[in-house]
Amino acid sequence: MSQELVTMTKKEVRRVEVLSIALSGGLTNKDASELLGVCVRQFIRIKKKFLQEGAQGLVHGNRGRNPVHAITDEVRGEVVSLFKERYYDFNISHFTEHLNERECISISRSSVSRILKLEGIRSKRSVNKKPKAHRPRQRKESSGMLWQTDASSHKWFGKDGDSATLHAFMDDAAGIVTGAFFIESECFVGYAEAIKMGIRDYGLPLYIYSDRHTIFKSPKELTLEDELKGVSIHLSNFGHALNDLGIKQIFANTPQAKGRIERLWNTFQDRLAAGLRLNGIRNIEEANSFLPLFLDDYNARFSVEPKVENSVYLKFDKRIDLDLVFVLRCERKIGGGNTISYNSRIYIPVDGSIYMTPGSTVEVRQTVKGEIYIMRNDRAILMKQVEMPKKATHSDSKKKAGVVSPHKPASDHPWRGRSTNVTTKDDTIIQRNSDIFFDHLGRLFLWLLTRCLIVT
């Protein structure tokens, strides 16, 4: 009768030894259970199984079998193939989410990381970076207390695509991105469109936390006249808009001070850039249409619960036209013809019945769409450009007046030949006087030269 070879661990071998001694009467059940670290009832069950099956009964039943949840070679190959062909610019976490949600492959992040590591594929963030030592700032307690804002210029549409700048606002307490907008470069329009999105969806925050860019902080210094008028600070166009809405400004001294939104760009440059490529988006217009869907998904995944449940957002009055709040502003004087001059153009009210006092000062507002308004008694008056007649050029005026340019004869014209060969008496006298003059001038020069040599 052939004997089956049984492979056992050290723990199982020790059990065999203790059981053998106990069965020979050398140990009581209590003493044997204490040696094995089990209760008496458990030891009795182990002894019974040992008597029935021998040493084989002490070996774990799953030994030599693959786990039920083990990842098959087919799944491993599919994960590697998907990453190389489609998700090559995703980080591990983002890739795992798409495997579970889009590719219907149920797998953990650690398993994905282990599979890619065995294939020699490193994550984008696996490169060692020097830790940045800075004191973390505590989040605000309630939503709506503070919005951080910044802009990031990046090749969002791939290495071969054009650079664009993403403007964004983030709630400090909840980590929610309230609004975002793509445009070619960092500018007033980008921030205006992003904050308008957030105000319409969430309400008015108490504070805006930004850097010291001239979009937010006016570089204009106070003069003595300003101080006499009681002006404490010059506001930028964006600052005027926030002031109209009752939102206060806070300026950061360093980028680290608003580190929450600075870290946001690392996530966006991974997830958003990859999402734009995956959806075939190659321009700014399509990207702005895609942003609301992306922000909903981002906020659902990464937002946190504020310390205080109730938000402090101020209710936004929807009767306020935000397009007339976030505008470019300046002052102009009314001309004699019920007009204003702006950007070298003349404008009059669209409504011809409106009369404005000549010489009075009004505030001109230009919207992001290019529309021109003037504010009068808290009322916005739409203006239209007056087409001015073009000034005629000098050549055009000559043609219209019928002036004919004089005819100039050619150099070999017979008239010229006759005139050059004729010598009058007056011409002879003039030539003689000229010769006498230059003769006297030469003599005077020689005399002066001689005197200078004698003196020397």
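The values are calculated or read from the model by the stated rules, or taken from the named source; none is laboratory data. These figures come from a predicted structure and were not determined experimentally. Heads up, the Cβs are rebuilt from the backbone with ideal geometry, glycines too, and the neighbour counts pull from every protein chain shown.
Applying a threshold of 6 Å to beta carbon distances and a minimum spacing of six or more residues, or different chains, the list of pairs starting in segment 169-195 at a residue that is on the phi > 0 side of the Ramachandran plot and ending at one that is hydroxyl-bearing (Ser, Thr, Tyr) and surrounded by fewer than 23 Cβ atoms within 10 Å (Cβ to Cβ) reads GLY175/SER303.
Among the residues of segment 82-122, those identified as aliphatic (A, V, I, L, M) and within 22 Å of TYR298 (Cα to Cα) are ILE92, LEU99, ILE105, ILE107, VAL112. Considering SER419, SER411, the condition of being at pLDDT below 70, in a helix (DSSP H, G or I) and not assigned by TED's automatic domain parsing to the domain that holds ALA194 is satisfied by SER419 alone. In segment 279-302, the residues that are without any contact (Cβ under 8 Å) to a residue 12 or more places away in the chain form no Cβ pair under 6 Å with any partner that is among the small types (Gly, Ala, Ser) and loosely packed, with under 13 Cβ neighbours inside 10 Å, whether six or more places apart or across chains. In segment 169-197, how many residues are buried (at least 23 other Cβ atoms within 10 Å of the Cβ) and not hydrophobic (A, V, I, L, M, F, W, C)? Qualifying residue count for the region: 6.
Of the residues ILE261, ILE281, ILE233, ILE250, only one is hydrophobic (A, V, I, L, M, F, W, C), modelled with pLDDT under 90, in the same structural domain as LYS217 (by TED's automatic domain parsing) and not in a helix (DSSP H, G or I); which?
ILE233
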